[in-house]
Structure formats: structure tokens, C-alpha cells
Amino acid sequence: MTGVALHSRADGLRAQASAELEAQDVVLAELCAALFVSLPRSDQRRRGEAYVRGLLGARGRKSIRSIAALIGGQAAEQSLHHFISSSTWEWGPVRRALAQFVVGALAPQAWVVRPMVIPKAGENSVGVDRRFCPAVGQVLNAQQAVGVWAASGERSVPVSWRLHLSEAWL
């Protein structure tokens, strides 16, 4: 391939990547509009969308700090913390909207209900106890949860989940 052909090919790949990002952005905006329609205030809906974008874009641990660093720094950290920790919105309608959006987009062929052991590095997360984790074959600090996924032949998407708390946490 000549230098001109390589340059042209690179331009084409960049244009394709840009078009894919734009398409993803449109889908994400539609998803967030559907998810947060039940939130009464526009600032809550904006923070909800920022939070979802941060969850999808942040690498590693999905803490408020790492998400805020991706979407706007210190000011974003405070507003996201408030949105997650002390805002007055109800999570039930958001979870139902997620399930409805997924059903419309995925056309699931099955619903999968599955227990999950979620390994944790420390002991300070809610519900962490010493548990046997079959995936690694050892006892470790972990949370126990149950999830529901909408599943098709190509993919599965979580639409509901519950954390189980031991007697020690209750």
C-alpha cells in the first residue's frame, strides 16, 4: 500500500470511529432520557446522565471520585455524591425504565435469575462477609447478591439485582 493509500485508510477509520461514537452517544442519550424521565427536576436528570456516562467511561473502580474525574473534577464529585447518596429520587421507576428499555432494544428470549458472589478488597462495603467464592475456589471478603438478566442469543443485560445482607449486617 502506498503512503497516500495508508493515509486515506486511516482517515476512513477515524471517520468510522467518529460515526460509531456519535451513534453510541445518541443511544446513550435516548437511554438516559428513558431512565430518568421519572426524576422531577432537570438537574437530577442531568446528574443521572452524567453518572451513567461516568460509569461507562471510567476505568477500574467505579467510585464517585473516579467518575467525577472523568466528567468534571471536584465540583462534579460533590454533585454526583449528592445525587447518589442524598437525593430524593426513587430508584424503583428508574429500574423499571431500564428493564423496559432493555426489553425494547434486546427482545430477550429468556430471563436469567442468578446468585452472585461479588469479591471485595476490604470489609467496609455494605454486606461484606467472609464467603466461599466458587469462581476462585476460596473464601474471601465478598457481597452476596441475586441478579436478573434479560438474555438473547447474542447478549445478556442486568435489569434488576438485590444485595443480600447477613444477620450480622441486619
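The values are calculated or read from the model by the stated rules, or taken from the named source; none is laboratory data. Everything numeric in this text was worked out from a predicted model, so none of it was measured. All Cβ positions, glycine included, derive from the backbone under ideal geometry; neighbour counts span all protein chains shown. SASA here: full protein model, heavy atoms, side chains in, ligands and nucleic acids out. Shrake-Rupley method; radii C 1.70, N 1.55, O 1.52, S 1.80 Å.
Considering the range 38-83 alone, what residues qualify as being open to solvent by less than 70 Å² (accessible area, probe 1.4 Å), in a helix (DSSP H, G or I) and among the aliphatic types (A, V, I, L, M)?
Ala50, Val52, Leu55, Ile64, Ile67, Ala68, Ile71, Ala76, Leu80
When you go through Ala142, Ala150, Ala121, Ala135 one by one, which is the residue that is outside the structural domain of Lys62 (by the TED database) and under 16 Å from the mean Cα position of the chain (by Cα)?
Ala150
May I ask you to list the residues in the range 26-59 that are touching a Lys or Arg at 6+ places or on another chain (Cβ under 6 Å) and free of Cβ contacts under 8 Å to residues at least 24 places away in the same chain? Lay out the reasoning, then the answer.
Step one: filter the range 26-59 for residues touching a Lys or Arg at 6+ places or on another chain (Cβ under 6 Å), giving 36, 39, 55.
Passing the criteria: only Leu55.
Can you confirm whether Ala33 is closer than 25 Å to Val148 by Cβ, outside the structural domain of Val157 (by the TED database), open to solvent by less than 70 Å² (accessible area, probe 1.4 Å) and over 14 Å from the mean Cα position of the chain (by Cα)?
yes
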